[in-house]
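What follows is a set of notes on a single structure, which appears directly below.
The values are calculated or read from the model by the stated rules, or taken from the named source; none is laboratory data. Being a predicted model, the structure only gives us computed values, none of them experimental. We place every Cβ from the backbone using ideal geometry, glycine too, and count neighbours over all the protein chains shown. In case anyone asks, the SASA skips ligands and DNA or RNA and just uses the protein heavy atoms, side chains included. Shrake-Rupley method; radii C 1.70, N 1.55, O 1.52, S 1.80 Å.
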Amino acid sequence: MAGRERANPVRRRMAYEAARIIVEQGVPDCERARRKAAERAGVVDRRNWPSNEEIQEALAVQSRLFQGEARKREIEKHRTQALQAMRAFAAFSPRLVGPVLTGSGPEPLAVQLFLFAESPEDVVFALLDQQIPWQERERAFRYAGGERRTHPVFLFLAGEVNVELIVLPALAQRNPPLDPL
């Protein structure tokens, strides 16, 4: 945190409250958690609201404090699975994103990979070739400039770990979606 932000105890308290809301209530994004935290604390001046980075930092601190070694082992297990999935889908230039990458976030953890393909069918063929059963969904993502786009997501179970393959157009490598947190 920057010096001015660190010195503001209201921002710090709100960051920890927003992090608690994300973890305990499963709120998927910082903005909604920040609004709930502000409402609970009665803070209307947005200058006292924490940034996404401050909330991420509070999430990491809470994870270390309250979940300790068990959480650390779980994240390592998920990162190992992520590496295997990245190798299996190397043709799609995978990028690890989400809570497994940052080491924080709500439960349960899922490995989230951005895959870049000319068409989602290319990923379907790769799943078929590797005999991986999957489910398909769609999810909306925010981009710079406020634009929202929907992309296919393929979900499967690798051992005990949920894996989400988020298929983006090849051109999105230069302009990937924004982190929801």
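Residue pairs whose Cβ atoms lie under 6 Å apart, separated by 6 or more positions or on different chains, with the first residue in region 7-26 and open to solvent by 30 Å² or more (accessible area, probe 1.4 Å) and the second part of a helix (DSSP H, G or I), are VAL10/ASN48; TYR16/ALA58; GLU17/ALA37.
Yes or no, residue by residue, for (1) within 19 Å of the chain's Cα centre (by Cα); (2) assigned to a loop (DSSP other than H, G, I, E, B):
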| site | (1), (2) |
| --- | --- |
| PHE125 | no, no |
| LEU128 | no, no |
| GLN131 | no, yes |
| PHE141 | yes, no |
| THR150 | yes, no |
| LEU155 | yes, no |
| ILE166 | yes, no |
| PRO177 | yes, yes |
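When restricted to residues that are of a type outside the set (D, E, K, R), surrounded by 11 or more Cβ atoms within 10 Å (Cβ to Cβ) and touching a strand residue (DSSP E or B) at 6+ places or on another chain (Cβ under 8 Å), region 110-156 contains 22. Does ILE55 count as crowded, with 20+ Cβ neighbours inside 10 Å and more than 17 Å from ASP179 (Cα to Cα)? No: the conditions fail for ILE55. Contact annotation: residue pairs with Cβ atoms under 6 Å, 6 or more positions apart or on different chains, pairing a residue in region 106-125 that is within 27 Å of ILE75 (Cα to Cα) and modelled with pLDDT of 95 or more with a partner that is open to solvent by 60 Å² or more (accessible area, probe 1.4 Å) and not in a strand (DSSP E or B), are PHE116/GLN173.
Taken over region 165-181, the criterion of being closer than 25 Å to ILE22 by Cα and either modelled with pLDDT under 90 or surrounded by fewer than 16 Cβ atoms within 10 Å (Cβ to Cβ) (or both) is satisfied by PRO176, PRO177, LEU178, ASP179, PRO180, LEU181.
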